[in-house]
Amino acid sequence: MDDIVRQAIAKWPNVPHCYGWLGLDARGSWYMRDDRVQAAGPFPHAKGAVLRHAKLIDFIHRNYERDDAGCWFFQNGPQRVYVELEAAPWVLRLAGDGQVETHTQRRVQVERTLVDEQGRLFAETDAGLGLVHTLDMHVAAEWVDSGRWQPETIAARELPERFGFVPSPAAAKPGTHAAAAR
């Protein structure tokens, strides 16, 4: 976490959390979701505007964390901005040299791999669960063919509970319209 963020938290410790305004899609892109987009439906059905500002994205990456309940958030100064996840907390990029990196450029170690009923390939890593980026499926296929990876079958609906993440903190937050609809 950036020092400036820690200082802001210390200066303003009681800033309310923000829900529903930021989404991470299955390709590692961040989406800003204003009131109009949120009213149009849940993420990823209604995505919003893709973020393209490199410095803002780098700031989000440096301050992207998980809380004790399994909700992922971006610490924006004193405010936690909870993230709506399309598939998993991490989107993984694979390199031909065997390295695996998250969408935030964090190197990770793969502990096991899983494939869901849609054919999506996930990896359990030392940082948590990640979805393999679609552009890297050719590398993943080579790793599976060589026996380096041996994916287990899993139902997509089981992933959040099994790997301890909350896909929609906004829907899980007590007292919200989305939580009341469940």
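The values are calculated or read from the model by the stated rules, or taken from the named source; none is laboratory data. This is a predicted model, so every value here is computed, not measured. Heads up, the Cβs are rebuilt from the backbone with ideal geometry, glycines too, and the neighbour counts pull from every protein chain shown.
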Open item on the list: Here is a check on your reading of the model: is LEU56 in the same structural domain as HIS17 (by TED's automatic domain parsing), loosely packed, with under 15 Cβ neighbours inside 10 Å and not in a strand (DSSP E or B)?
Closed with: yes
Open item on the list: Can you report the number of residues in segment 34-53 which are more than 26 Å from ASP136 (Cβ to Cβ) and either out of contact with any helix residue (DSSP H, G or I) (no Cβ under 9 Å at 6 or more places or on another chain) or not in a loop (DSSP other than H, G, I, E, B) (or both)?
Closed with: 8
TODO: Only residues in segment 28-42 that are under 25 Å from THR104 (Cα atoms) and free of Cβ contacts under 8 Å to residues at least 24 places away in the same chain count as the first member; pair them with residues that are acidic (Asp, Glu) and surrounded by fewer than 19 Cβ atoms within 10 Å (Cβ to Cβ), Cβ under 9 angstrom, at least 6 apart or cross-chain, and list the lot.
DONE: none
- [ ] With respect to ALA49, determine if the residue is under 26 Å from HIS17 (Cβ atoms), modelled with pLDDT of 95 or more, surrounded by fewer than 12 Cβ atoms within 10 Å (Cβ to Cβ) and not hydroxyl-bearing (Ser, Thr, Tyr).
- [x] yes
TODO: Kindly check whether there is at least one residue in segment 120-138 that is β-branched (Val, Ile, Thr), in contact (Cβ under 8 Å) with a residue 24 or more places away in the chain, outside any strand (DSSP E or B) and farther than 21 Å from PHE43 by Cβ.
DONE: no
